[in-house]
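Enquirer: Dumping the structure here so I can ask a few things about it.
The values are calculated or read from the model by the stated rules, or taken from the named source; none is laboratory data. Computed from a predicted model, the values in this text were never measured in an experiment. Heads up, the Cβs are rebuilt from the backbone with ideal geometry, glycines too, and the neighbour counts pull from every protein chain shown. The area values use the complete protein model at the heavy-atom level, side chains included, leaving out ligands, DNA and RNA. Shrake-Rupley method; radii C 1.70, N 1.55, O 1.52, S 1.80 Å.
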Amino acid sequence: MTATDGGSATGGDGGVGDGRGGPRGDTVAAVVRQWRAVHPDLDTGPMEIIGRINRCAALLQQAEDAPLRRAGLSRAEFDLLGALRRTGHELTPGDLARETFSSGAAVTKRLKQLTERGLVERRGDTRDRRVAHVRLTDAGRDLVDGILPEQLAYESAVLSGVDGPEQGELAALLGALLGQLEGRLGALRV
């Protein structure tokens with residue numbers, strides 16, 4: 001549908017009173033209304049979804065994950081520690097980059113900081129000196145295990161305005177979108 005015939009992917013009004021429990025008066029709805037005034041012939045449906053995902057991500061990042069911050073960790077550092085903990089075995093920096101969707105340079109920098117803090121250890125590969133293997137130290141494992149329940153409680157509080165069944169629906173919809181993007185996003189890049 002196009003904006004000119006009053007419809008869109010979210011019910012025709014940018015999510016404002018869409019009759020399906022959608023957001024009312026959020027920032028993206030205002031942006032969509034402005035674009036419809038300028039370009040009434042364009043379908044703003046994709047903007048309504050991707051804009052909201054991006055806005056949510058930005059707001060969540062601004063919140064800076066309070067439990068992690070209290071532990072002196074960034075989200076990116078916690079993601080590295082978490083990857084090592086949940087896989088239960090050593091990983092190479094390349095493995096960690098793939099697990100955390102980070103660049104190799106970013107992983108190297110974070111590993112240096114985590115090593116200096118005594119949270120991870122690196123050991124060289126016996127067959128290839130260019131390869132390093134990274135594992136959690138006891139202190140790193142204790143930190144992850146101690147902070148994870150607090151972090152999950154914090155994330156639950158962030159989502160507390162969304163009912164349980166709606167959280168399940170949202171998780172399923174985002175999972176479907178993520179699966180598609182992970183499978184074909186490289187083809188969409190220009």
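Enquirer: Select from segment 109-121 the residues that are under 15 Å from Ala83 (Cα atoms) and among the charged types (D, E, K, R) and write down the one among them that is most open to solvent (accessible area, probe 1.4 Å). Please lay out each step first, then the result.
Expert: Narrowing segment 109-121 to residues under 15 Å from Ala83 (Cα atoms): 110-111, 114, 119-121.
Next, from what is left, pick out any that are among the charged types (D, E, K, R): 110, 121.
Working: Arg110: 55, Glu121: 82 Å².
Restricting to residues being under 15 Å from Ala83 (Cα atoms) and among the charged types (D, E, K, R), the top hit is Glu121.
Enquirer: Quick one: how many residues across segment 27-45 are under 20 Å from Ala58 (Cβ atoms), in a helix (DSSP H, G or I) and open to solvent by less than 80 Å² (accessible area, probe 1.4 Å)?
Expert: 6
Enquirer: Right, next: Taking interchain pairs and intrachain pairs at least six residues apart, which have beta carbon atoms under 7 angstrom, with the first residue in segment 35-50 and within 15 Å of Leu173 (Cβ to Cβ) and the second part of a helix (DSSP H, G or I)?
Expert: Glu48/Val28; Glu48/Val32
Enquirer: Out of segment 126-158, which residues are within 24 Å of Leu80 (Cβ to Cβ), free of Cβ contacts under 8 Å to residues at least 12 places away in the same chain and part of a loop (DSSP other than H, G, I, E, B)?
Expert: If the condition is that a residue be within 24 Å of Leu80 (Cβ to Cβ), free of Cβ contacts under 8 Å to residues at least 12 places away in the same chain and part of a loop (DSSP other than H, G, I, E, B), then Thr126, Asp128, Arg129, Arg130 are the ones that fit.
Enquirer: Can Leu119 be described as in contact with a Gly (Cβ under 6 Å, 6 or more places away or on another chain) and either touching a residue at least 24 places away in the same chain (Cβ under 8 Å) or basic (Lys, Arg) (or both)?
Expert: Yes.
Enquirer: Condition first: closer than 24 Å to Glu182 by Cβ, in contact with a His (Cβ under 7 Å, 6 or more places away or on another chain) and surrounded by 15 or more Cβ atoms within 10 Å (Cβ to Cβ). Can you find one or more residues in segment 101-108 that meet it?
Expert: no
Enquirer: Test Val28 against the stated conditions and say whether it is within 24 Å of Gly161 (Cβ to Cβ) and either modelled with pLDDT of 50 or more or among the polar types (S, T, N, Q) (or both). Write out each step before concluding.
Expert: Details: within 24 Å of Gly161 (Cβ to Cβ): yes; either modelled with pLDDT of 50 or more or among the polar types (S, T, N, Q) (or both): yes.
So Val28 fits the description; yes.
Enquirer: Here are the criteria: (1) surrounded by fewer than 12 Cβ atoms within 10 Å (Cβ to Cβ); (2) outside any loop (DSSP other than H, G, I, E, B). Tell me which single one Gly51 does not satisfy.
Expert: The failed condition is (1).
Enquirer: Continuing with the same structure: Count, please, the residues in segment 75-99 that happen to be touching a residue at least 60 places away in the same chain (Cβ under 8 Å) and charged (D, E, K, R).
Expert: 1
Enquirer: If you scan segment 54-100, which residues turn out to be assigned to a loop (DSSP other than H, G, I, E, B) and open to solvent by 80 Å² or more (accessible area, probe 1.4 Å)?
Expert: Glu64, His89
Enquirer: How many residues does segment 135-168 hold that are open to solvent by 80 Å² or more (accessible area, probe 1.4 Å) and in contact with a Leu (Cβ under 7 Å, 6 or more places away or on another chain)?
Expert: Of the residues in that region, 1 qualify.
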